[in-house]
């Protein structure tokens, strides 16, 4: 999920969405496999189409018995670390340097 330069500029308020999604990170950590993630994503989509409130994949995986709370927290911490490392911080306009002019009274 690559963002082009224009999209990154739109996010230049110090916030950026994670590049890697929760399920991918959980698989990379060896907590779940692709079949378990697929099952959770299907359940999540069924909830959305059934007018139920959309639940996070991590909570669905927990309810299915595939993830523990500590594993969910570990994945979320990893997501936060990745997001922080890519955060776009707006640049403030540079002030001119030089001697300060006295105010006229």
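The values are calculated or read from the model by the stated rules, or taken from the named source; none is laboratory data. Worth saying up front: this structure is predicted, and the values here are computed from it rather than measured. Cβ atoms come from the backbone with ideal geometry, glycine included; neighbour counts cover every protein chain shown.
Things worth noting here:
- Candidates are the residues of the range 66-105 that are surrounded by 10 or more Cβ atoms within 10 Å (Cβ to Cβ) and in a loop (DSSP other than H, G, I, E, B); the one that is modelled with the lowest pLDDT is 88.
- Within the range 22-42, restricting attention to residues that are in contact (Cβ under 8 Å) with a residue 40 or more places away in the chain and outside any helix (DSSP H, G or I), the residue that is surrounded by the fewest Cβ atoms within 10 Å (Cβ to Cβ) is 29.
- Residues that are surrounded by fewer than 11 Cβ atoms within 10 Å (Cβ to Cβ) and within 21 Å of the chain's Cα centre (by Cα), drawn from the range 43-65: 53, 54
- Hey, residue 13 assigned to a helix (DSSP H, G or I) and either over 18 Å from residue 82 (Cβ atoms) or modelled with pLDDT under 95 (or both) or not: no
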